[in-house]
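Read through the structure below, which is laid out as structure tokens, and then see the notes.
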Amino acid sequence: MSTTTVVTGVIGSDCHVVGTTLLRYAFEKAGFKVVGLGACVSQEEFINAAVETNAGAILVSSIYGHAPIDCEGLRQKCQEAGLGKILLYVGGLLSTSEEDWKDTESKFKALGFDRVYPPSTLPAVAIADIRNDLALN
Amino acid sequence: MQLSNKRWSDEEFFDMRKEVLSWWPTGKEIDLDEAVEYRKKLPKHKVWADKLEQAKKDEKCLLYVMLGHATVEQTLEHMKFLEQAGADLLMIMPDAYTRKRKYEEAERGVTESIRQGKSLLNGYPMVNHGVKRNRVLTDSVNVPIQLLSCCDEDPRLNHEVTLASGFNGQTMDLHDLIQHCKDYPLDKRIRNTQYANRLTSYYEERGVPVNLNIPANLCGWDPLGMKIVMAILACLLAAEQGARHLDIGVTPTCHLVHDVAGLKQVRALTNEYLHRFGYNDVTVSVACSSWQGDWPRDLYRAASLLSICASISVLGGVDYHMLRSVQEARAIPNKESNLAALRIGQQVIATLGKQRLSESDELKLEQEMIAKEVRAIVDRVIELGQGDIIAGELKAVQTGELDAAFPCWIHVKGKVLPVRDATGAIRYLDHGNLPLPKDVIEYHRQKIAEREKAEKRKADLEMVIEDVVCISR
């Protein structure tokens, strides 16, 4: 089984990196190759890194509330770059205002994300999901 | 210009100022002498330095609440609501675009927020609104206002607008690169901070006290000593340019004895270093904020965490407590969630009153260890710079003798790994290249070993990850 590469990073102008750093540690420990882009990552940087490394997934983190603006169009840009089927996951605090988690989840699914995670989700959850989604198991 | 911790001449400052004010149309509206006169006319109850001085005499812990929305009207409504509820100080958070000097994007955020009738920005874009409109807040609210004006890479125009609007500000350099920036050079960031500090002194020297908030947060999980080091370095930079009212805000680790030890030491050690460099007329105040790590989404649990943090503040004898909101893990706080936080803080203060944590062997030992840790790092920075804090800071970052856990800034080593000990105090699992004394390293190692023994497993990355979410899950 070849090693799957995932791209991690915090989108937009957001610099909260604790979550994405721990994701990187956990995914590496679980046997993935991780391209950790760190803080303040543009959509283009995510896509370029995914194209260059033939990544299986992009794991977008966001804490500061601007995720709906920052994530808009990412799926379309992936398609334009030939990454039509790449898995897109997003997690964190994904809205500036209080809303039902189901609404947040639907909003991001409509933007083309395959999985949407609330704050405090352990890396193990995303690791199990990605194995399923990539049919690695 | 050679970068060193030396006060800037008027010429240096005003030369740079021309460019800074040209970054956005509202910059040109700023008239420093008019702003000094405006601030001089503010009534005493709107002057944070005066209110804080009185509270210290009364041994009363004050409460500040944070907020910030896209428009003046949304922000003012929230502020009036909290003023009526008894907040002592209102802290305005700028939005992320303003913090990154992306004023065009902030403008789009304001326009879209007006169109949709709700704030789409995560804070208040003070540069876009400009001094005249910001002063509507100062004029309409009867409590002092502080604005986090010195965040991220280049806060020079943000700080200009903040002070001219009648608000108090903020200062930091390396700390905020580590916390909020990715790839900005430290020397440029220090110059930007020197500018903000030098601007502050323009007001101070004309009889206008301006309090600057100095964060001692880092990512929230760093050991306390490192946070205190960052605050002391920022204070020495600010004092050299002429800032005179410095408020250090420490984030707690949520371990009562360890936090109280840190709160006592941050005041003592900062004054010690200020005096050592001859800055004898600086007023240092100490605040403690609410937990800065991962928050529980459940509102009752968040309320309990707020209460614990406020209790640490009171028992630690701080001058004021910085609240977060019950919505911390859910959204940018609305006025109802800030009111809930304020009521929690008020109840803690009313209940605990003048109780302070008593001296004990444990408290004494923690204070001793923190003092050794801090002095070792700060003294090494001074040594590396041959007496110049800035030269030392630049070198120490390169050698890893100044470092942090989970930094977002790529130019710091990021070798530090924190882990909680058997009773929950944050210790160094890995201290990287920090110049810690042997007995401090041994003390942290022993404390971690106690947990390893109790839990029958080795402290490792898995444990670090568990610790990061242990309060929120």
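The values are calculated or read from the model by the stated rules, or taken from the named source; none is laboratory data. Since the model is a prediction, treat every value here as computed from it, not as a measurement. Because the Cβ atoms are built from the backbone with ideal geometry, glycine has one as well, and the counts that use them run over all protein chains shown.
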Of everything in the range A:8-30, what is more than 16 Å from residue A:122 (Cβ to Cβ) and either in contact with a Gly (Cβ under 8 Å, 6 or more places away or on another chain) or at pLDDT below 95 (or both)? Give them in sequence order.
A:9, A:10, A:12, A:13, A:14, A:15, A:16, A:17
Residue check, residue B:126 closer than 25 Å to residue B:346 by Cα and touching a helix residue (DSSP H, G or I) at 6+ places or on another chain (Cβ under 7 Å):
no
Can you name the condition, by its number, that residue B:305 falls short on among (1) over 20 Å from residue B:61 (Cα atoms); (2) within 14 Å of chain A (Cβ to nearest Cβ); (3) of a type in the set (A, V, I, L, M, F, W, C)?
(1)
Consider residue B:300 against the criteria (1) under 19 Å from residue B:220 (Cβ atoms); (2) of a type in the set (Phe, Trp, Tyr); (3) in a helix (DSSP H, G or I): it satisfies all of them except one. Which criterion is unmet?
(1)
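Here's the yes/no breakdown for (1) at pLDDT 95 or above; (2) surrounded by fewer than 21 Cβ atoms within 10 Å (Cβ to Cβ); (3) farther than 13 Å from residue B:223 by Cβ; (4) touching a strand residue (DSSP E or B) at 6+ places or on another chain (Cβ under 8 Å):
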| residue | (1), (2), (3), (4) |
| --- | --- |
| B:386 | yes, yes, yes, no |
| B:451 | yes, yes, yes, yes |
| B:470 | no, yes, yes, yes |
| B:473 | no, yes, yes, no |
Condition met for residue B:392 (without any contact (Cβ under 8 Å) to a residue 24 or more places away in the chain, within 19 Å of residue B:190 (Cα to Cα) and surrounded by 14 or more Cβ atoms within 10 Å (Cβ to Cβ))
yes
Going residue by residue through the range B:139-149, is there one that turns out to be more than 14 Å from chain A (Cβ to nearest Cβ), crowded, with 20+ Cβ neighbours inside 10 Å and out of contact with any strand residue (DSSP E or B) (no Cβ under 7 Å at 6 or more places or on another chain)?
no
Here are some residues: B:363, B:417. Which one is in contact (Cβ under 8 Å) with a residue 40 or more places away in the chain and away from chain A (no Cβ under 14 Å)?
B:363
Which strands (runs of 3 or more DSSP E) does the range A:23-137 wholly contain that include 2 or more residues that are crowded, with 21+ Cβ neighbours inside 10 Å and within 14 Å of another protein chain (Cβ to nearest Cβ)?
A:57-62, A:87-92
From B:305, B:323, B:339, B:299, which residue is in contact with a Pro (Cβ under 8 Å, 6 or more places away or on another chain), more than 12 Å from residue B:261 (Cα to Cα) and in the same structural domain as residue B:264 (by TED's automatic domain parsing)?
B:305
Of the residues B:410, B:441, B:465, only one is farther than 30 Å from residue B:298 by Cα, hydrophobic (A, V, I, L, M, F, W, C) and outside any loop (DSSP other than H, G, I, E, B); which?
B:441
Please indicate, with yes or no, whether at least one residue in the range B:101-123 is touching a helix residue (DSSP H, G or I) at 6+ places or on another chain (Cβ under 7 Å), surrounded by 23 or more Cβ atoms within 10 Å (Cβ to Cβ), without any contact (Cβ under 8 Å) to a residue 40 or more places away in the chain and in a helix (DSSP H, G or I).
yes
